[in-house]
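Down below is the structure, laid out as C-alpha cells.
The values are calculated or read from the model by the stated rules, or taken from the named source; none is laboratory data. Everything numeric here is computed off the predicted structure, so don't read it as measured data. Note that we place each Cβ from the backbone using ideal geometry, even for glycine, and neighbour counts take in every protein chain shown. All accessible areas refer to the heavy atoms of the entire protein, side chains included, with ligands and DNA or RNA removed. Shrake-Rupley method; radii C 1.70, N 1.55, O 1.52, S 1.80 Å.
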Amino acid sequence: LQKEALEAVAAARSTDEVERVRVRYLGRSAELTGIKKNIGRLSPEERREVGRAANLASREIEAALKKRAEVLAEAEREERLRSEAVDVTLPGAPYPRGHLHPTRRVIDDVVDFFVGLGYRVAEGPEVETDYHNFTALNIPPGHPARAMQATFFLDEGLVLRTHTSPVQVRTMLVQRPPVYVVVPGKTFRRDSDPTHTPMFHQIEGLAVDRGITLAHLKGTLAAMARHVFGGGVGIRLRPSYFQFTEPSVELDVSCFLCGGGDPDCRICKGAGWLEMGGAGMVDPDVLEEVGYDPEEYTGFAFGFGPDRMAMVKYGIPDLRLFFEGDLRFLNQF
Ligand code: PHE
C-alpha cells in the first residue's frame, strides 16, 4: 500500500493532483485510515506491529506528499511568472492620430490673424430669431432678400441662421464702441451643388470705431488674404449690394493656384479671381437700430466662407467632399 501511494505521489504532475493523492491515501475513507481505525480489534501483539507499520507508512507518505507539493508549487509559480511576465521595454501599440479638418485649419488661421490684430472672438446661436437674422439687418418682413437666402424656416419666428451677420447685431446690442470682433460659425441654406452645401461655415468680422473708412476695410482684407494664402496673393473689391452695408463690396482673391489665365484650372476656371465673401461699411440704419450714433461712429463688416477658402487653398473641386466624412479624402490633409 505504501509503495503504491509513493508511486502515486511521484506521478502527480500538479499540486492539485498531489492533493487528490493525499485524500486517496490519507483521507478519512482511505484504506490506511481504515486499518488504523480497526486496530483496537486486533490482539495486543498484532496491534503493536500493525500500529507501528501504519504510522510509519503514514509518515512516509506524508513526507513524500509534502516534498512533491513543494517541488510542484515552485514549478507552477515559475510558470505563472513566465506566462504573466510584462516586458515594460516593449514599444506601445501605435495609436492612430487624428488631425484637423481642412475647413477648421482655415478658420483657425483666419481667427488667429484677427486675434493678432486685437479682435475678440464672438459667437451666436445657430437657431436664430427672424429679428437678428433679418429685420435688424435692414431686411424687413416681406423683403425679397429673405427668399434669396434660401432660408430654413423653423416655428415661431425662428430660422437656422443664413449667415453669421446676426452676431454683428447681438454684439452691438450689448457693447458700446469701439467694437472689434471676429465671428466663426456654422450657417445654413437650402442649397446643394459642387460649391454649395446646406450647412457651411462663415467667418464674420465687425469693426466699429471713430473714423473707420473703406480703406481700413481694404487694408485689413488684403493683410488677411496674405496671411492665409501667402505673400503673393492680391485682392480685389467689386461693387455689390447687401442690405446691411453701404457701400457693399464683394471680395475676390487673385488665383494664385494657376496664375489665373489657365482655362484648364479646376479652381479658377480661367477667371483669374476667386470669390471669397462679402463686405462693406456698416449701414447707418443698422447702427441706429442698435443705438449707435452714425454721426459719431462708422464701421466695416465682412463675411467669408472658410469652406471655399479651404477649397482654394487645397485645390478641392467639390465642396461636398468636405462634409461627407470619407476618410480616404480627409486623410490627405
Ligand atoms: N452676410 C453676408 C452673406 O452671407 C456677407 C456679408 C457679411 C456682407 C458682412 C457684408 C458684410 O452673404
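Could you check how many residues of segment 294-321 are small (Gly, Ala, Ser) and away from the ligand (no atom under 16 Å from the Cβ)? Outline the logic, then answer.
Looking only at segment 294-321, we keep the residues that are small (Gly, Ala, Ser), and these are 299, 301, 303, 305, 310, 315.
The next check asks that each one be away from the ligand (no atom under 16 Å from the Cβ); those that pass are 310, 315.
The qualifying residues number 2.
Do we have Thr33 as modelled with pLDDT of 90 or more and among the hydroxyl-bearing types (Ser, Thr, Tyr) here? Outline the logic, then answer.
Values: modelled with pLDDT of 90 or more: no; among the hydroxyl-bearing types (Ser, Thr, Tyr): yes.
Judged against the criteria, Thr33 is not a match.
Output the number of the condition that Asp155 fails; it satisfies all remaining conditions of (1) assigned to a loop (DSSP other than H, G, I, E, B); (2) more than 34 Å from the chain's Cα centre (by Cα).
Among (1) assigned to a loop (DSSP other than H, G, I, E, B); (2) more than 34 Å from the chain's Cα centre (by Cα), the lone unmet condition for Asp155 is (2).
Inspect segment 202-210 for any residue being at pLDDT 85 or above, more than 16 Å from the ligand (Cβ to nearest atom) and out of contact with any Ser or Thr (no Cβ under 6 Å at 6 or more places or on another chain) and give the result as yes or no.
yes
Among the listed residues Pro144, Pro102, Pro91, identify the single one that is within 29 Å of the chain's Cα centre (by Cα) and either under 26 Å from Thr197 (Cα atoms) or in contact (Cβ under 8 Å) with a residue 12 or more places away in the chain (or both).
Among Pro144, Pro102, Pro91, only Pro102 is within 29 Å of the chain's Cα centre (by Cα) and either under 26 Å from Thr197 (Cα atoms) or in contact (Cβ under 8 Å) with a residue 12 or more places away in the chain (or both).
Within the group Ala53, Ala63, Ala73, Ala136, which residue is in contact with a Ser or Thr (Cβ under 7 Å, 6 or more places away or on another chain), part of a helix (DSSP H, G or I), of a type outside the set (Asp, Glu) and open to solvent by less than 80 Å² (accessible area, probe 1.4 Å)?
Values: Ala53 fails: in contact with a Ser or Thr (Cβ under 7 Å, 6 or more places away or on another chain); Ala63 fails: in contact with a Ser or Thr (Cβ under 7 Å, 6 or more places away or on another chain); Ala136 fails: in contact with a Ser or Thr (Cβ under 7 Å, 6 or more places away or on another chain).
Only one candidate qualifies: Ala73.
For residues that are in contact (Cβ under 8 Å) with a residue 60 or more places away in the chain and over 25 Å from Arg104 (Cα atoms), scanning just segment 211-247, find the one that is nearest to the ligand (Cβ to nearest atom).
Phe244
For segment 76-88: of the residues being without any contact (Cβ under 8 Å) to a residue 12 or more places away in the chain and in a helix (DSSP H, G or I), which is most open to solvent (accessible area, probe 1.4 Å)? Walk me through it before giving the result.
Taking segment 76-88 as the starting set, the residues that turn out to be without any contact (Cβ under 8 Å) to a residue 12 or more places away in the chain are 77-88.
After this cut, where a residue has to be in a helix (DSSP H, G or I) as well, the list is 77-83.
Details: Arg77: 121, Glu78: 95, Glu79: 93, Arg80: 125, Leu81: 103, Arg82: 155, Ser83: 83 Å².
Among residues in segment 76-88 that are without any contact (Cβ under 8 Å) to a residue 12 or more places away in the chain and in a helix (DSSP H, G or I), the one most open to solvent (accessible area, probe 1.4 Å) is Arg82.
Report, by residue number, each residue of segment 230-245 that is in contact with a helix residue (DSSP H, G or I) (Cβ under 9 Å, 6 or more places away or on another chain) and either part of a strand (DSSP E or B) or surrounded by 11 or more Cβ atoms within 10 Å (Cβ to Cβ) (or both).
Val233, Gly234, Ile235, Leu237, Phe242, Gln243, Phe244, Thr245
Test of understanding: among Gly272, Gly291, which residue is more than 16 Å from the ligand (Cβ to nearest atom), modelled with pLDDT of 90 or more and surrounded by fewer than 22 Cβ atoms within 10 Å (Cβ to Cβ)?
Working: Gly272 fails: modelled with pLDDT of 90 or more.
So the residue among Gly272, Gly291 that is more than 16 Å from the ligand (Cβ to nearest atom), modelled with pLDDT of 90 or more and surrounded by fewer than 22 Cβ atoms within 10 Å (Cβ to Cβ) is Gly291.
If you go through segment 100-123 one residue at a time, do you hit one that is aromatic (Phe, Trp, Tyr) and not in a loop (DSSP other than H, G, I, E, B)? Quick ask: steps written out before the conclusion?
The initial filter retains those residues of segment 100-123 that are aromatic (Phe, Trp, Tyr), namely 113-114, 119.
Cutting the leftovers down to not in a loop (DSSP other than H, G, I, E, B) gives us 113-114.
For segment 100-123, residues aromatic (Phe, Trp, Tyr) and not in a loop (DSSP other than H, G, I, E, B): present.
Restricting attention to segment 303-333, which residues are assigned to a loop (DSSP other than H, G, I, E, B) and either more than 19 Å from Thr164 (Cα to Cα) or open to solvent by 50 Å² or more (accessible area, probe 1.4 Å) (or both)?
Across segment 303-333, the qualifying residues are Gly315, Ile316, Pro317, Asp318, Glu324, Gly325, Asp326, Asn331, Gln332, Phe333.
Working only within segment 162-216, note down all residues that are acidic (Asp, Glu), farther than 17 Å from Pro125 by Cβ and open to solvent by less than 10 Å² (accessible area, probe 1.4 Å).
none
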